[in-house]
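Down below is the structure, laid out as structure tokens.
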Amino acid sequence: MASPVSQFVTRFAYGARQLPRVAWYVGHSLVMRRLSENVRERAGTSVRPRAHTDAPIPKRNRLYADMARLFAQDLANVEAGLYPLPADHDGTLPDLLERSRLFFSDLPNVHRRREGGDVLQVLEEAARRSRPAYYLQNFHYQSGGWMTPDSARRYDTQVEVLFYGTANAIRRQALPPLHECFTGRDQRGLRLLDVGCGSGRFLDSCKQSWPRLPMLGIDLSEPYLEEARRHLRRWCWLNLAVGNAEAIPVADASQDVVTNIFTFHELPPKVRRIVFGEFARVLKPGGRLVVVDSLQLGDEPDYDGLLELFPQNYHEPYYGSYLREDFGAIAAEHGLTHVRDTNAFISKVMVFDKPA
Ligand SMILES: C[S@@+](CC[C@H](N)C(=O)[O-])C[C@H]1O[C@@H](n2cnc3c(N)ncnc32)[C@H](O)[C@@H]1O
């Protein structure tokens, strides 16, 4: 049981780290909205049909209350010893300002793509040949798709703006089910694989909890892996490699834990099944898969309208089918047991076990 003083210090330190982050990204979101309205007013009528839903959309107060609940859970996890007081490693003020500049400077291109529906990234022939067609798109209308250094530098600002500064806190909700797996075991003998690791923010949280646990992150994007290398340079026992989730470059039954964060909604239904099969193949018997991704329809009924609007405003060609996907059934097809789902603001954590 922590003393009142150490509890106060933890809570104060947590608030001092998280509140300015939320203010920073909510501020970006408000400025972005104002800029978009200005551009729309100047351009006159849009050729694009207005995003529409008949389903309920949560009011701003509800969103803020649910964000507060997420942060309270994050802090409760810290106080319960499930992970240490988190560090987001956002960099120095000049780093933040540079990422902010990159974010805002791309908004006119995002707007043009949204209006024109131009979403097929032009790539060098070599990159095109070695990557699946579904991958070579401008998800979220972002410039460069997944394939440029600027896109990789911009990504985390985009995600945090979209999630009002909660993205890292959401990712951390995958740590308690990992804690259940790792408790009482020598971390040096375990293996964790993060598939579609992107810029490495989730691996950073894992390393803060289990610094000596060997971890591997794979992703199809070299520039995102380069950004992950830069972000994760403080850690050892960590490898990052180019790899396709459809053919994971590791041996059968070699991983204690596989994690997958914010990726399934960007995969076509057929590919989701192949990827699940790969997760089942590489997990050891008794191993655990933890997936974090968007809420689905009905998980939080008051959010259904928000979920339906998202792919109308951002290029997310597979999100509609993701919203209705039965992950428990896919897991069962591959011999994995669906343990539980836990909602985390606009996302959820799905836990699956491979029988021992
Ligand atoms: C929305 S991002 C999520 C990144 C990261 N997991 C996070 O927490 O932000 C999706 C990531 O999945 C990667 N990706 C998409 N399809 C993939 C595939 N078939 N194999 C490997 N990585 C893939 C993309 O390159 C991108 O980095």
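The values are calculated or read from the model by the stated rules, or taken from the named source; none is laboratory data. This one's a predicted model, so the numbers in the text were calculated from it and none came from an experiment. A quick note on method: Cβ atoms are made from the backbone with ideal geometry, for glycine too, and the neighbour counts reach across all protein chains shown.
Just checking, which of VAL275, VAL242, VAL282 is touching a Leu at 6+ places or on another chain (Cβ under 8 Å), β-branched (Val, Ile, Thr) and surrounded by fewer than 19 Cβ atoms within 10 Å (Cβ to Cβ)?
VAL242
Tell me, which strands (runs of 3 or more DSSP E) wholly within segment 174-273 include 3 or more residues that are away from the ligand (no atom under 14 Å from the Cβ) and at pLDDT 95 or above?
Details: elements: 192-195, 215-219, 238-242, 255-261.
Once the strands (runs of 3 or more DSSP E) in segment 174-273 are filtered for at least 3 residues that are away from the ligand (no atom under 14 Å from the Cβ) and at pLDDT 95 or above, what remains is 255-261.
Report yes if some residue within segment 317-328 is crowded, with 18+ Cβ neighbours inside 10 Å and among the small types (Gly, Ala, Ser); otherwise report no.
The answer is no; no qualifying residue exists.
Among the candidates GLY243, GLY200, GLY277, GLY298, single out the residue that is closer than 23 Å to ALA87 by Cα and without any contact (Cβ under 8 Å) to a residue 60 or more places away in the chain.
Values: GLY243 fails: closer than 23 Å to ALA87 by Cα; GLY277 fails: closer than 23 Å to ALA87 by Cα; GLY298 fails: closer than 23 Å to ALA87 by Cα.
Matching residue, one of GLY243, GLY200, GLY277, GLY298: GLY200.
Would you check which residues across segment 153-173 are more than 10 Å from the ligand (Cβ to nearest atom) and of a type in the set (Gly, Ala, Ser) and list them?
Residues satisfying the conditions are GLY165, ALA169.
Yes or no: MET147 modelled with pLDDT under 95, at negative phi, among the hydrophobic types (A, V, I, L, M, F, W, C) and over 14 Å from the mean Cα position of the chain (by Cα)?
Here the answer is yes, as MET147 does meet what is asked.
For residues that are over 18 Å from the mean Cα position of the chain (by Cα) and of a type in the set (Gly, Ala, Ser), scanning just segment 160-213, find the one that is surrounded by the most Cβ atoms within 10 Å (Cβ to Cβ). Lay out the reasoning, then the answer.
Within segment 160-213, the subset over 18 Å from the mean Cα position of the chain (by Cα) is 179-191, 209-213.
Going one step further and asking which of them are of a type in the set (Gly, Ala, Ser), we end up with 184, 189, 209.
Values: GLY184: 5, GLY189: 10, SER209: 17.
Residue satisfying both the conditions and the ranking: SER209.
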